[in-house]
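Scroll down for the structure; my scribbles are underneath it.
The values are calculated or read from the model by the stated rules, or taken from the named source; none is laboratory data. Worth saying up front: this structure is predicted, and the values here are computed from it rather than measured. Virtual Cβ from ideal backbone geometry, glycine too; neighbours counted across all protein chains shown. These accessible areas exclude ligands, DNA and RNA; they are computed on the full protein's heavy atoms, side chains included. Shrake-Rupley method; radii C 1.70, N 1.55, O 1.52, S 1.80 Å.
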Amino acid sequence: FWRLQSNFTKNSKELPALHPTVKWAQVEAALRTQPEMMWSLSKMEETGGKVDVIEEDGSSFLFGDTSRKSPLGRRNVVFDAKAEVYLREHHLKDKYNGNAEDRVKEWGVDFMDEQQYEVLQRLGDFDKDTWSWLKTSENVLKEGFAFTGDRLSGFVHVHKYNVASHDGDGGFRCVLRVPKTKV
C-alpha cells in the first residue's frame with residue numbers, strides 16, 4: 001500500500017486535477033477488501049507505471065499509469081501474439097520483449113483506452129519522448145494495426161501503428177477498475 005499511497009500523495013501535489021475529491025482512506029478501504037487487486041497493481045508498478053487513481057465514479061476507482069513516459073519495464077514490445085509469430089517468421093534478428101496483450105491478460109488489467117489516455121494527457125505532458133500501445137478494436141486489429149498514443153510538438157496524437165512495431169521508446173499503458181467499498 002505504501003507505494004500506491006506515496007503516488008497518490010505526490011500526484012495530489014504535482015497533478016492537482018487528478019483526484020481532487022478522492023480521499024486515500026476510501027482507496028485503501030477498497031484495496032484492503034479486495035487484496036487480489038493488489039497483485040495486478042503491483043505488476044503495473046513493478047514495470048514503471050507509477051500507478052494512481054486516474055478516474056472515479058459512483059461505484060469504482062480506475063487505477064492507471066501516471067508515469068510521464070511509457071513505463072520502462074513495458075517497452076520494446078509488439079502488440080500481440082500474432083505480431084510475435086510474424087516477427088519469428090520474417091524478422092528473425094529482431095530483438096523485442098514479448099507482446100503487450102499477453103501481459104495485460106496475465107496481470108488481469110486492461111489496456112488504457114483512447115478516452116482514458118486523453119483524460120490523462122489533459123493533466124500533464126505524457127509520452128513526449130515515448131509512445132504507448134492503447135486498447136484497440138477488433139476491426140482495426142484485423143487490418144494488422146493497433147492504436148498508439150503520444151504527445152508530439154505539444155499535441156496529443158492517437159493513431160494506428162503496425163502491430164509488429166517495436167522499439168525502445170514504445171510501450172503500453174494499462175488500467176484496472178477497483179469497485180468501491182463503504183468506509
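Against the test of being open to solvent by 70 Å² or more (accessible area, probe 1.4 Å) and in contact with a Lys or Arg (Cβ under 7 Å, 6 or more places away or on another chain), the options K160, K135, K128, K142 yield a single qualifying residue, K128.
Would you check if there is a residue in region 98-108 being at pLDDT below 95, closer than 22 Å to K82 by Cβ and either open to solvent by less than 10 Å² (accessible area, probe 1.4 Å) or not acidic (D, E) (or both)? Yes, there is a match, as at least one residue in region 98-108 is at pLDDT below 95, closer than 22 Å to K82 by Cβ and either open to solvent by less than 10 Å² (accessible area, probe 1.4 Å) or not acidic (D, E) (or both). Within region 17-71, being under 30 Å from G168 (Cα atoms) and of a type in the set (S, T, N, Q) holds for S40, S42, T47, T66, S67, S70.
Which one is nearest to K180 (Cα to Cα) among residues in region 48-93 that are part of a helix (DSSP H, G or I) and open to solvent by less than 10 Å² (accessible area, probe 1.4 Å)? Within region 48-93, the match that is nearest to K180 (Cα to Cα) is R74. The single condition from (1) in contact with a helix residue (DSSP H, G or I) (Cβ under 7 Å, 6 or more places away or on another chain); (2) β-branched (V, I, T); (3) over 23 Å from L72 (Cβ atoms) that V156 fails is (3).
Listed by position, the helices (runs of 4 or more DSSP H) contained in region 95-183 that have at least 1 residues being within 16 Å of the chain's Cα centre (by Cα) and more than 19 Å from K50 (Cβ to Cβ) are 100-107, 114-123. Residue count for region 166-183 satisfying the condition of being at pLDDT 90 or above and not charged (D, E, K, R): 8. Across region 26-44, the qualifying residues are those that are in a helix (DSSP H, G or I) and farther than 16 Å from S60 by Cβ, and the one among them that is most open to solvent (accessible area, probe 1.4 Å) is W39.
Out of all the residues in region 4-13, is one or more surrounded by fewer than 16 Cβ atoms within 10 Å (Cβ to Cβ) and outside any helix (DSSP H, G or I)? The answer is no, given that none of the residues of region 4-13 is surrounded by fewer than 16 Cβ atoms within 10 Å (Cβ to Cβ) and outside any helix (DSSP H, G or I).
Cβ-Cβ distances below 7 Å connect the following pairs, each with a first residue in region 116-143 that is closer than 15 Å to C174 by Cβ and of a type outside the set (G, A, S), a second residue that is open to solvent by 20 Å² or more (accessible area, probe 1.4 Å) and part of a helix (DSSP H, G or I), and a separation of six or more residues or different chains: L134/E114.
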